[in-house]
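A.B. asks: Below is the structure I would like to discuss, written out as structure tokens.
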Amino acid sequence: MELNQLTIHELHALIKKREVSSTQIIESVFRQIDAVEKDVHAYVNLMKEYAFAEAARADKCIKEGNIKPLTGIPIALKDILCTKGILTTCGSRILHNYIPPYDATVVEKLREAGAVFTGKVNMDEFAMGSSTETSYFGITRNPWDLERIPGGSSGGSAAAVAADECIASLGSDTGGSIRQPAALCGIVGMKPTYGRVSRFGLIAFASSLDQIGPFTKDVEDCALMMNVIAGYDPLDSTSVPLDVPDYTEFLTRGVDGWTVGIPKEYFIEGIDPEVMEAMKRTITVFERIGVKCVEISLPHTEYCLAVYYIIAPAEASSNLARYDGVKYGFRAQEARDLLEMYKKTRSAGFGAEVKRRIMIGTYALSSGYYDAYYKKASQVRGLVKRDFEEAFTRCDVILTPTSPTPAFTIGEKMDDPLQMYLSDIFTISANLAGIPGISVPCGFTRGGLPIGAQFLAGHFEEGKLIQMASAYEKNANLEKRRPNLSLWSTNRS
Amino acid sequence: MEYEPIIGLEVHAQLLTKSKIFCGCSTQFGAEPNSHTCPVCMGMPGVLPVLNKKVVEYTVKMALAMHCRINEACNFARKNYFYPDLPKGYQISQYAHPLAEHGYVDIELNGRRKRIGITRIHMEEDAGKLLHDEHIPSSYVDLNRTGVPLIEIVSEPDMQSADEAAAYLRRLHEILVYLEICDGNMEEGSFRCDANISIRLKGETAFGTRTELKNMNSFRNVQRALEYEIKRQEYLLGSGGEVVQETRLWDDAQGATYSMRGKEEAHDYRYFPDPDLVPVVIDNAWIDEVRSSLSELPMEKRERFKQEYQIPLYDAGVLTSSRALADYFEEVAKLSGKPKVASNWIMGDILRFLNEEKRDIASCPILPQSLAELIRLIESGTISGKMAKDIFEDMYRTGHGPKQIIEDKGLVQITDEEELKKAIEEVLAANPVQVEQYRGGKEKLFGYFVGQTMKVTRGKANPALVNELLKKMLAGS
């Protein structure tokens, strides 16, 4: 096993025993990047020099015995997270040259915990998409099948971890953008409760839905990452001043006697049969370890997609108004007046999907339409939230597929926005309700594509998710596989 | 046909907080462009607003002073529009749920009192400023003002003349400054006013079409603009025309309003609740706390001065025009025990001297204790009124107390009868002709003898005593 293939907790143990250095780890990671990045294209901005310098610093700390939870661990950041002095593009032409003057709170926290940043990873433009195909900086490929998408919008974050081009990464999830790519790339991804992790420095897509979360190779790493990034931040008024438990304590607690709710509205037509089979196998695992599975109902499920596609674009239309060519980022040349400068800048600076959503959102908020769209959607959102509150009186966690299908092929849904939107059908409700969700690997298709299972829990119950996911991970006896990138590389050259 | 105007005002007042409404930047006016900025007020990607609690406190103060109902919970909304001085592309304001509603304020005009309804008071952030260079085809943006806290005070359409509107504005201005939540500086834009105005035939109940007036940066301009606009609308309606609903700018130099027309008009602000901020919940205990910290408002103070100090309403009005002046008066009145005399000195001499130098009461070189002492010296007859005027000038110039000046100049009033008799004898001896004439019936000459006696004593003689002695001595021998 190469160092870059190990987990945070494995590397941390080796570092503690002084058996490996941070520099060795980062060398191993960049060897992998050199070998596979041309195929995967997970990164939009590699920070090799910076990473080696930071690794050297980490090694100094290690020598001094100052070892923090993430000391010397290579971590990639979704390019939606602001990094002081380091290009942050949000996958958009309009920010192609934007260098933030400050660090996002999560970036500070990771650095404080000793993490070594490897670079900024690719994403759908402004996190709008489910395939990482809308990035201005080119597509990212799924390490399990380079003809397929890695999911999105945090496709780069997922692909980088799956391809061992980093040990863990951060992404953001507005409607499934962490959980869906984690499922499609065969790794663990968690969207925390809204308000659990500070959004300060996360470039906003839809402020009431966005949440930052980790991509990791296993559940234990997820707990370790959550320990670092969770917590109240005075700079984010929507973050919640609640104590953060030590999430690693949940890893070994077991789930004997727990109840898992299976929402009948989620097992619908259109789910890939192999995904359905994987779900059935997952339920079998639960039954084997003393977990009761009960059917539950989330009656407003059918409205989730519609509600989401009012609220998210509405907020986005306002959040993206600041990209006007005046202060930073891309500005179109040869405009005769202010209005023309705005129009040319925004026409050329944004891609088609972003423009589509700005138009939908602008329309939904327009005078005369506000009540019918935004206001109504907000009301239905309240009902969705109540559905979950009621459901959690009957079960500890809810199980659903993360995505209705495994990774689809590149270009397959690009011309059909509605089909693309449907890939988030199982993940969107958690964002609307503000509850946490995790996607864990639960097997492969016969064609070798990963499948993910999603667990959902009540507000601030990330611990429960980790407890359940960890128990499942230990007992599912899933086949250990890694994507064979060298094979692909050879075939494609 | 007689028309009556209907006027409602929207006032924007900058709050005197040290830092901005959603970040820690300074609110100080006049700094180097863009020096009071940070990623938050510059609208950088990824930043979030955090509400400054002082802004809520100040707004609650104003709401209490305006007798408003303070909503238990209010929230912020985004007002979306594109302009280079608005870095986020939206202004954070309040819309559906403002902090306070349903209040009123009483104004006085020509001795009559009138109650003006307050529709709402809400918090919002100010925008930046554009700077244009005549010589090159580009503009600059200064974001120092971006995020400076404002409150918007919206009145009901309760005013029926430009005079009433001006009285209302002055009243609002006075209260804001009194509460020390706004510096009231209209030139620097700390206190700005827009007006909605329509006219209708007297007796009519429906409103006419209104216009919105902007760009009036002084009380006088508000009054002039409204007067102009009333005439303009009257002319339009009177000549069979129609008022167009639009925004009009006041042109000070032309003395006229003109239509802004076009793009600024067509805004659909697409208000919606700002998802980056949580609702502001205001509990009653805190409101009570703020209420107990409220200072007495000018109108109440005016009434109290009139009652407590038995001074004319006019005096009370002048003396309460600023909190510092009122405090000054109260101290002098209490220390001297002569409120009306204190009022005369302050309204006459003190304000005249200060106005000449364009100083305010806070920097008055004469301390209230000194002025009270001066008054006591006059009352006790130690100095004459005329002497007091000279001493007052010295006090103002040097900042010294009256006793020190009297001592330095040997200015104590002569109240010794013998000494005065001697002086009068001297005067009578020097003016035998006039004495003869007086005694012959020309009593007008009495004043002449008083003057001569004062001259001989270099003004130090006690005038009452001089009168008494003169009368006796002219009649007597």
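A.B. asks: Can you tell me which residue in region B:345-387 is nearest to B:A316 (Cα to Cα), limited to those that are polar (S, T, N, Q) and at pLDDT below 90?
C.D. replies: B:N355
A.B. asks: Could you please find all residues in region A:318-347 being more than 10 Å from chain B (Cβ to nearest Cβ), out of contact with any helix residue (DSSP H, G or I) (no Cβ under 7 Å at 6 or more places or on another chain) and touching a residue at least 60 places away in the same chain (Cβ under 8 Å)?
C.D. replies: A:T345
A.B. asks: Where in region B:75-118 are the strands (runs of 3 or more DSSP E), entirely inside, with at least 1 residues that are over 19 Å from B:N52 (Cβ atoms) and either in contact with a Phe, Trp or Tyr (Cβ under 7 Å, 6 or more places away or on another chain) or away from every other protein chain (no Cβ under 13 Å) (or both)?
C.D. replies: Fully inside region B:75-118 and qualifying: B:77-80, B:100-109.
A.B. asks: Turning to a different aspect of this structure: Yes or no: A:L77 under 18 Å from A:D164 (Cβ atoms), within 14 Å of chain B (Cβ to nearest Cβ), at pLDDT 95 or above and crowded, with 20+ Cβ neighbours inside 10 Å?
C.D. replies: Answer is yes for this residue.
A.B. asks: Restricting attention to region B:207-238, and to residues there that are assigned to a loop (DSSP other than H, G, I, E, B) and at pLDDT below 90, which single residue is surrounded by the fewest Cβ atoms within 10 Å (Cβ to Cβ)?
C.D. replies: B:S218
A.B. asks: On to the next question. What tally of residues in region A:187-205 results from selecting those that are of a type outside the set (F, W, Y), within 14 Å of another protein chain (Cβ to nearest Cβ) and buried (at least 24 other Cβ atoms within 10 Å of the Cβ)?
C.D. replies: 7
A.B. asks: Being at pLDDT 95 or above, in contact with a strand residue (DSSP E or B) (Cβ under 7 Å, 6 or more places away or on another chain) and on the phi > 0 side of the Ramachandran plot: is that true of A:G72 here?
C.D. replies: When the stated conditions are applied, A:G72 passes them.
A.B. asks: Another question, then. Restricting attention to region B:32-54, does a residue exist that is in contact (Cβ under 8 Å) with a residue 24 or more places away in the chain, within 14 Å of chain A (Cβ to nearest Cβ), buried (at least 22 other Cβ atoms within 10 Å of the Cβ) and on the phi > 0 side of the Ramachandran plot?
C.D. replies: Among the residues of region B:32-54, at least one is in contact (Cβ under 8 Å) with a residue 24 or more places away in the chain, within 14 Å of chain A (Cβ to nearest Cβ), buried (at least 22 other Cβ atoms within 10 Å of the Cβ) and on the phi > 0 side of the Ramachandran plot, which makes the answer yes.
A.B. asks: Let me ask you something else. If a residue has to be surrounded by fewer than 19 Cβ atoms within 10 Å (Cβ to Cβ) and either in a loop (DSSP other than H, G, I, E, B) or of a type in the set (S, T, Y) (or both) to count, how many in region A:406-433 make the cut?
C.D. replies: Residues in region A:406-433 being surrounded by fewer than 19 Cβ atoms within 10 Å (Cβ to Cβ) and either in a loop (DSSP other than H, G, I, E, B) or of a type in the set (S, T, Y) (or both): 7 in total.
A.B. asks: Quick check, is B:D288 at pLDDT 85 or above, among the charged types (D, E, K, R) and either buried (at least 17 other Cβ atoms within 10 Å of the Cβ) or in a loop (DSSP other than H, G, I, E, B) (or both)?
C.D. replies: The answer is no for B:D288.
A.B. asks: May I pose another question? The conditions are (1) part of a helix (DSSP H, G or I); (2) of a type in the set (D, E); (3) away from chain B (no Cβ under 14 Å); (4) closer than 30 Å to B:L48 by Cα, and A:E315 fails exactly one of them. Which is it?
C.D. replies: (3)
A.B. asks: Are any of the residues in region B:195-218 out of contact with any helix residue (DSSP H, G or I) (no Cβ under 7 Å at 6 or more places or on another chain) and closer than 30 Å to B:V290 by Cα?
C.D. replies: The answer is no; no qualifying residue exists.
A.B. asks: Taking strands (runs of 3 or more DSSP E) that fall entirely within region A:119-218, which contain at least 2 residues that are in contact with a Phe, Trp or Tyr (Cβ under 9 Å, 6 or more places away or on another chain)?
C.D. replies: Because the criterion is at least 2 residues that are in contact with a Phe, Trp or Tyr (Cβ under 9 Å, 6 or more places away or on another chain), the strands (runs of 3 or more DSSP E) in region A:119-218 that meet it are A:168-173, A:188-191.
A.B. asks: On the given criteria, is A:A278 among the aliphatic types (A, V, I, L, M), more than 14 Å from every other protein chain (Cβ to nearest Cβ), surrounded by 16 or more Cβ atoms within 10 Å (Cβ to Cβ) and touching a Cys at 6+ places or on another chain (Cβ under 9 Å)?
C.D. replies: Yes, satisfied.
The values are calculated or read from the model by the stated rules, or taken from the named source; none is laboratory data. The shown structure was predicted, so the numbers you read here are calculated from the model rather than taken from an experiment. Here the Cβ is made from the backbone with ideal geometry for all residues, glycine too, and neighbour counts use every protein chain on show.
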